[in-house]
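First the structure, in the form of structure tokens, and then the observations on it.
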Amino acid sequence: MNSALTSIKLVLLGEAAVGKSSIVLRFVSNDFAENKEPTIGAAFLTQRVNMGDHTIKFEIWDTAGQERFASLAPMYYRNAQAALVVYDVTKPQSFIKARHWVKELREQASKDIIIALVGNKLDMVETGAERKVALEEAENLASQEGLLFFETSAKTGSNVNEVFLAIGQKIPLKSAQQQQQGQGSSGLRINDDSRVDLRAAQDGPAPSSCNC
Amino acid sequence: MGVRSASSSSSPTRREMYQKMSASSSSLVGSLMKTWKSSRHSSAPDSSDGNIEAMQKPASFLRRSTSHTSPGPSHIHMSPLRKSLSGSANKDKSHHHVQKKDRYFTDLDEDWSAVIEDSNTPIPMTSNGGIELKPAVTVGSASDKDQSVSRSVSASASYPNLPRLNKTQSTGLKSQYEQENERKLQELNALMHRVAKFDLILHPPNGNQVNLSELRRLSWNGIPMAHRPRVWRLLIGYAPANIKRQATLLRRKRQEYRDGVALVFSKEHTRDIPTWHQIEIDIPRTNPLIPLYQNPLVQESLQRILYLWAIRHPASGYVQGINDLVTPFFQTFLTEYLQPAQKEDVVKLSPDTYLTHEQLLDVEADSFWCLTKLLEQITDNYIHGQPGILKQVKNLGQLVKRIDSDLYDHFARESVEFIQFAFRWMNCLLMREFNMGMVIRMWDTYLSETSLESSGSESSSMPATSDSSLQSSPVAGFREVSSSLNLQSKHATAGSNRQTSLSEFHVFVCAAFLIKWSDQLMNMDFQETITFLQNPPTKTWKETDIELLLSEAYIWQSLYKDATSHWR
Ligand SMILES: Nc1nc2c(ncn2[C@@H]2O[C@H](COP(=O)(O)OP(=O)(O)OP(=O)(O)O)[C@@H](O)[C@H]2O)c(=O)[nH]1
Ligand SMILES: [Mg+2]
């Protein structure tokens with residue numbers, strides 16, 4: 001099917017080792033690595049997603065999380081239309097860092113940037129690790145700041161595609177049909193044969209998104 | 001058995017240079033031509049960054065590169081290539097070396113077996129530095145063959161007296177198998193020759209002083225695996241050149257490290273938790289595909305090294321990428337405890353199967369001190385704002401603008417910014433771009449490029465191991481700053497000192513690396529470019545490829561010397 005193509009520039013921000021690169025790897029290659037080298041500078045990746053009658057191409061900058069590299073971040077979020085601010089649900093410090101990033105984006109990034117707050121490594125909580133960032137706490141931040149919010153696991157793949165899907169649905173499209181939510185999600189698939197059809201994955205916890 | 005060395009090997013420098021050049025002729029001449037073309041077309045000096053006299057005078061700079069007549073500044077140390085390009089100022093010195101070496105080789109000729117016995121390092125058969133033994137490299141025309149041998153083996157002279165080498169004269173009739181065999185033999189010969197050279201330089205027959213500039217010159221072209229640990233310790237200025245003092249000093253340094261660790265991990269020291277955690281997180285993420293680095297003992301060692309370094313250098317602290325930089329040292333020093341045939345297996349073997357706890361601590365200590373020495377040379381890369389890296393990236397851009405203006409313009413059109421791909425190249429010294437074997441070969445050259453003035457092994461010592469000195473980080477910070485200032489002022493004032501630095505050479509290597517792909521990159525858009533440069537096709541690179549890259553970098557550094565005058 002011939003469909004309109006929309007590009008979305010997306011940036012990932014968050015403390016070191018919260019799983020930014022792993023989320024991207026899951027989204028782009030449906031893969032996971034137990035030990036992933038720290039990102040230095042930033043990594044660039046793309047992924048196309050077919051959403052019904054239009055295609056979205058994500059142009060992703062996955063930044064390095066260590067504080068020392070933070071001065072490079074503006075270069076990558078400056079022109080971004082969307083941002084994933086990632087924290088690790090088992091690391092309270094990473095949530096503090098996430099707050100900082102949200103604040104910085106609100107102050108420095110483009111006015112209508114779409115921000116998704118993402119609590120990663122949910123699988124660890126499910127397998128016995130102690131949750132250190134309460135769901136409500138994150139939800140509160142999301143609703144105060146008007147963020148999309150998800151808890152994900154790059155390891156199991158849970159909810160990862162949904163983050164990108166939700167962003168894709170919020171972005172103003174060239175075609176004027178983006179309001180038909182149901183149709184959008186039912187038609188969604190990612191044009192890489194390794195990918196699962198997202199309809200099957202929709203039974204996870206519904207994303208609490210905050211449409212402002 | 002009397003084995004004679006070919007006398008021509010005494011001055012490999014110029015010949016080697018041209019062999020390297022001719023081996024790379026297509027790409028290199030191509031790029032040189034590009035340079036020449038672009039410089040001819042640019043009629044007026046570019047005022048924004050134009051101090052490049054050579055660019056405006058293509059004829060003269062071409063002449064300089066070929067005729068060796070122009071005087072160059074004096075050098076403290078020189079790679080062979082450097083010497084061949086640097087002109088007459090060094091003639092006397094190099095002549096001196098040549099004479100000396102001739103005499104050494106006379107000795108060697110007279111008593112080959114004695115030299116081998118003197119050395120406590122066996123000749124490696126499977127492991128080597130700088131020599132590609134695999135037969136598959138180039139099996140082709142005779143000239144191809146010659147090139148591949150001479151390119152990869154700097155002392156390419158073979159032993160004419162070995163019977164099997166001269167057995168067959170009619171090359172046309174030789175079977176492929178025989179040819180390969182013969183080439184392997186030749187390479188083995190060259191390797192043995194090279195090993196003997198290193199043996200000799202590490203055990204000077206008259207005197208106790210290792211000739212460091214000679215060692216740098218030789219090491220620039222690759223170090224045999226058996227010698228690498230010892231040579232690296234010397235090149236980086238950790239071990240003293242005086243062989244009488246080596247054992248004592250290493251013992252002292254290793255003890256100092258143990259004391260440092262004991263103190264830092266004692267109750268008196270309050271753990272810097274964020275730093276400790278960051279390192280802890282990164283340890284399993286270091287070289288994750290090499291089994292050695294998943295070994296718990298190794299991980300503990302690396303964690304101690306990085307933590308101790310970080311708290312002793314508070315102005316920079318632990319920065320990701322430093323975890324990469326320690327590993328070539330660690331891996332190389334481990335090989336010292338392995339039999340020649342096993343050295344390649346260092347990446348697989350668990351260290352506790354072949355060394356004791358104390359030996360592992362020695363490896364750890366040596367790695368710590370060598371990492372410290374290396375980072376001294378690139379302090380600015382890891383302090384706040386990483387000004388060293390930003391400057392290198394900028395210099396890379398300016399350099400590419402001169403060497404390959406088409407590519408530079410193309411990047412500008414596509415909005416490709418150098419920092420988007422080159423930041424990592426600088427932060428990890430290109431380690432992420434190559435597999436570990438290639439990185440280690442590259443470091444033979446890089447460590448030969450390290451600055452001599454920091455080679456006084458006394459210059460870096462643990463601060464007095466008292467609680468106060470450890471915990472008062474402002475003091476330590478001050479020390480760090482002042483020592484780096486000191487280093488800079490030496491760079492600026494001492495005309496008698498080296499005129500290059502590791503970071504400067506590295507920028508040229510990065511330029512050579514980038515321009516290698518120029519033709520492909522010219523056809524790529526932004527996304528293709530970034531994707532390509534983040535995953536360059538270097539998986540199959542062999543040492544000869546690395547050596548070619550280093551040679552190209554070296555040549556450009558010589559041609560664009562004036563470009564770097566304002567880098568510091
Ligand atoms: N259990 C679990 N581990 C994860 C998950 N996501 C990432 N990891 C692990 O966490 C570590 C860090 O992941 P990365 O994706 O490299 O983290 P990052 O945020 O990109 O880190 P920097 O590049 O240093 O900023 C790796 O060892 C991953 O395997 C997850 O969802 N669950
Ligand atoms: Mg990452």
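Worth a mention:
- Rounded FRET efficiency, nearest 0.05, which uses the C-beta distance separating B:Ala315 from B:Arg432 and R0 of 35 Å: 0.90
- Distance between modelled label sites at B:Arg413 and B:Arg252, nm, 7 Å Cα→Cβ extension: 6.2
- Amide proton proximity set for A:Asp88, modelled H, under 5 Å, gap of 5+: A:Ser94, A:Phe95, A:Asn120
- The H on the amide N of A:Ile114, modeled in the peptide plane, is under 5 Å from the matching H of A:Ala82, A:Ala83, each at least 5 residues off or on a different chain.
- Mean accessible surface per residue for the stretch B:176-231, computed with a 1.4 Å probe while every protein chain stays in place, in Å²: 29
- Trypsin sites (Lys or Arg not before Pro) lying in DSSP loop within the stretch B:262-325, provided at most 11 other Cβ fall within 10 Å: B:Lys267
- Residues in the stretch B:290-339 that, when all protein chains are in place, have 40 Å² or more less accessible area than the chain alone would give (probe 1.4 Å): B:Gln320
- Comparing B:Leu212, B:Gly222, B:His193 along the charge dipole axis of the stretch B:172-227, the residue lying farthest to the positive side is B:Leu212, per the Cβ-charge model.
- In Hz, Karplus ³J(HN,Hα) per residue of the stretch B:240-253 (6.51, -1.76, 1.60; θ = phi - 60°; x = Gly, Pro): x, 5, 7, 5, 5, 8, 4, 4, 4, 5, 4, 4, 5, 5
- Members of the stretch A:1-37 that become less accessible by 20 Å² or more once partner protein chains are added (1.4 angstrom probe, chain alone as reference): A:Ala16, A:Ala17, A:Asn35, A:Lys36, A:Glu37
- Split the accessible area of the stretch B:176-231 by element, probe 1.4 Å, and carbon with sulfur accounts for 49%.
- Rel. contact order, % - alpha carbon contacts under 8 angstrom, at least six apart, the stretch A:4-170: 25
- Remark: relative contact order (the stretch B:297-428) = 26 percent; criterion is Cα-Cα distance under 8 angstrom and separation of 6 or more residues.
- Sequence-ordered 3J(HN,Hα) estimates for the stretch B:522-533 from the Karplus curve with 6.51, -1.76 and 1.60 and θ = phi - 60° stand at 4, 9, 10, 8, 3, 5, 4, 4, 5, 4, 4, 6 Hz, glycine and proline given as x.
- Radius ratio Rg over Rh of the stretch B:508-568, counting only Cα atoms, Kirkwood formula for Rh: 1.04
- Probe 1.4 Å, protein heavy atoms only - accessible area per residue of the stretch B:245-377 in square angstrom: 37
- Label sites at A:Thr127 and B:Ile243, each approximated as a point 7 angstrom past Cα along Cα to Cβ, lie 5.5 nm apart.
- Charges were assigned to the Cβ only: +1 to each Lys and Arg, -1 to each Asp and Glu. The resulting dipole of the stretch B:259-390 about its Cα centre is roughly 260 debye.
- Cα shape, the stretch A:4-170, gyration tensor, a/c 1.5 rule: rounded
- Among the GluC sites (Glu not before Pro) in the stretch A:1-93, those located in a DSSP loop and surrounded by at most 10 other Cβ atoms within 10 Å of their own Cβ are A:Glu34.
- Calculated accessible area for the stretch A:4-170 comes out at 36 Å² per residue, all protein chains present (probe 1.4 Å; ligands, DNA, RNA ignored).
- The accessible surface of the stretch B:245-377, taken with every protein chain in place and a 1.4 Å probe, is 56 percent carbon and sulfur.
- Dipole magnitude of the stretch A:4-170 about its Cα centre (Cβ charges: Lys, Arg +1; Asp, Glu -1), debye to nearest 20: 400
- For the stretch B:250-297, the list of GluC sites (Glu not before Pro) that fall in a loop by DSSP and count at most 13 other C-beta atoms within 10 angstrom reads B:Glu268.
- Estimated at the nearest 10 Å², the accessible area of A:Ser143 is 70 Å² with a 1.4 Å probe.
- Amide hydrogen neighbours beyond the local backbone of A:Thr6, cut-off 5 Å, H modeled: A:Thr55, A:Ile56, A:Lys57
- Threshold 10 Å², the stretch A:64-91 residues less accessible with all protein chains present than alone (1.4 Å probe): A:Gln66, A:Arg68, A:Phe69, A:Ser71, A:Leu72, A:Met75, A:Tyr76, A:Lys91
- Contact surface B-A: accessible area buried, both sides summed, square angstrom, 1.4 angstrom probe: 2300
- Over 23 Å between alpha carbons, listed pairs A:Lys36/A:Lys121; A:Lys36/B:Lys401; B:Lys197/B:Lys348; A:Lys9/A:Lys111; B:Lys373/B:Lys394; A:Lys36/A:Lys57: A:Lys36/B:Lys401; B:Lys197/B:Lys348; B:Lys373/B:Lys394; A:Lys36/A:Lys57
- Integer Hz, Karplus 6.51/-1.76/1.60 couplings in order for the stretch B:336-353, x for Gly and Pro: 4, 9, 10, 5, x, 5, 9, 4, 5, 7, 3, 6, 10, 6, 7, x, 5, 7
The values are calculated or read from the model by the stated rules, or taken from the named source; none is laboratory data. Here the structure is a predicted model, which is why all the values come from computation and not from measurement. A quick note on method: Cβ atoms are made from the backbone with ideal geometry, for glycine too, and the neighbour counts reach across all protein chains shown. Surface areas here come from the heavy atoms of the whole protein model, side chains and all, with no ligands, DNA or RNA. Shrake-Rupley method; radii C 1.70, N 1.55, O 1.52, S 1.80 Å.
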